[in-house]
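The values are calculated or read from the model by the stated rules, or taken from the named source; none is laboratory data. Only a predicted model underlies this, so the values are computations on that prediction, with no experimental measurement involved. When we count neighbours, we look across all protein chains shown, and the Cβ atoms used for this are built from the backbone with ideal geometry, even at glycine.
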Ligand SMILES: Cc1cc2nc3c(=O)[nH]c(=O)nc-3n(C[C@H](O)[C@H](O)[C@H](O)COP(=O)(O)O)c2cc1C
């Protein structure tokens, strides 16, 4: 049985599950694996500083799956910011069907181009007012993630359980919810809250296709819901990350107001990328509280199938509570 929602219809996908974009990890293999499993994979454009490499990544996804996929445009502050119009040029040329934007602001400057190219646009944010702004700009779908999510949490600190129904009630467009969704019970719960689909990042860290070193994945299997920390709040860039040696050092530096130049080597993109590929503590690794529900390294297709099957069992159990 398949779960049919406005999102599966709009995007032409089998399951209402978006595989969250992930810096350094949402490359071609990851993206194609999510889409091939029936969800929607989201390639992170910011992984590519060279447009030739970016184009090659899009072509690699298309070679691995004929199913729909999306590309994320990053509107977070970055040290070496690349003009998102350059990515859009390549995306339009390669016929990317769906664009996701995320960041500290709505991408007003590129909405016109996305719409003119006939792409579907979803915007990811962390609060009702940001969601309304994106819908007002013409977003086809708005994604909201609660405070328990892995990665950027913003400053509003609203939990998924409170945020998703508020946004559903406030918008006229389909809503995808996330933050702490790591199994089929979470998927069923968010559908019950009115979301048309879910986004997951943390659970997919344990997919075989995600390019994290196996020893880091093993450490994640042993982590629980207490194993995350918030970092970079004083830099206005709060992220939920795995509690490890690197994040503990960053917290210690922030607590004593260390200068940015001292923190930078621990958070710089290149350092993080190298640590993801090596048997280290993983560096600053975004990770949500849902990690407590993630116990096994599995192929992506198995993860998605397990989640859908568990959501269906959960809904059947709930139907049993109301037998008439
Ligand atoms: C390792 C990692 C890296 C991430 N990188 C990004 C990113 O670059 N841009 C972005 O918009 N979201 C990023 N996210 C957030 C995910 O796309 C997704 O919204 C989030 O993981 C969902 O919450 P969950 O972790 O509780 O499942 C990242 C998440 C993780 C776990």
**Asked** Which of the following residues is surrounded by fewer than 23 Cβ atoms within 10 Å (Cβ to Cβ) and over 23 Å from residue 224 (Cβ atoms): 173, 164?
**Response** 173
**Asked** Which one is surrounded by the most Cβ atoms within 10 Å (Cβ to Cβ) among residues in the stretch 35-63 that are in contact (Cβ under 8 Å) with a residue 40 or more places away in the chain and within 11 Å of the ligand (Cβ to nearest atom)?
**Response** 42
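Yes or no, residue by residue, for (1) within 12 Å of the ligand (Cβ to nearest atom); (2) farther than 30 Å from residue 116 by Cα; (3) in contact with a strand residue (DSSP E or B) (Cβ under 6 Å, 6 or more places away or on another chain); (4) at pLDDT 95 or above:
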| site | (1), (2), (3), (4) |
| --- | --- |
| 142 | no, no, yes, yes |
| 158 | no, yes, no, yes |
| 175 | no, no, yes, yes |
| 181 | yes, yes, yes, yes |
| 189 | no, yes, no, yes |
| 207 | yes, yes, no, yes |
**Prompt:** If you check residue 150 against the conditions, is it at positive phi, within 10 Å of the ligand (Cβ to nearest atom) and crowded, with 17+ Cβ neighbours inside 10 Å?
**Reply:** no
**Asked** Can you tell me which residue in the stretch 66-76 is farthest from residue 23 (Cα to Cα), limited to those that are in contact with a strand residue (DSSP E or B) (Cβ under 8 Å, 6 or more places away or on another chain) and assigned to a loop (DSSP other than H, G, I, E, B)?
**Response** 68
**Complete set of residues in the stretch 190-219 that are crowded, with 21+ Cβ neighbours inside 10 Å and in a helix (DSSP H, G or I)** = 190, 202, 203, 204, 205, 206, 216
**Fill in**
Within the stretch 272-300, the residues that are more than 14 Å from residue 219 (Cα to Cα), away from the ligand (no atom under 11 Å from the Cβ) and in contact with a strand residue (DSSP E or B) (Cβ under 9 Å, 6 or more places away or on another chain) are 298, 299, 300
**Fill in**
Here the qualifying pairs (Cβ atoms under 6 Å; residues six or more apart or on different chains; first in the stretch 1-28 and on the phi > 0 side of the Ramachandran plot; second at pLDDT 95 or above and in a loop (DSSP other than H, G, I, E, B)) come out as 12/68
**Residue within the stretch 222-237 that is modelled with pLDDT of 95 or more, in contact with a strand residue (DSSP E or B) (Cβ under 6 Å, 6 or more places away or on another chain) and in a loop (DSSP other than H, G, I, E, B) present** = no
**Asked** When the stretch 124-140 is examined, which residues are found to be near the ligand (Cβ under 10 Å from one of its atoms) and either over 22 Å from residue 189 (Cα atoms) or not in a loop (DSSP other than H, G, I, E, B) (or both)?
**Response** 124, 125
**Asked** Just for the stretch 14-28: of the residues that are surrounded by fewer than 24 Cβ atoms within 10 Å (Cβ to Cβ) and more than 14 Å from the ligand (Cβ to nearest atom), which one is farthest from the chain's Cα centre (by Cα)?
**Response** 14
**Prompt:** Got at least one residue in the stretch 247-256 being exposed (fewer than 15 other Cβ atoms within 10 Å of the Cβ) and touching a helix residue (DSSP H, G or I) at 6+ places or on another chain (Cβ under 8 Å)?
**Reply:** no
**Message:** If I filter the stretch 288-302 for residues that are farther than 21 Å from residue 150 by Cα and in a helix (DSSP H, G or I), do I get at least one hit?
**Reply:** yes
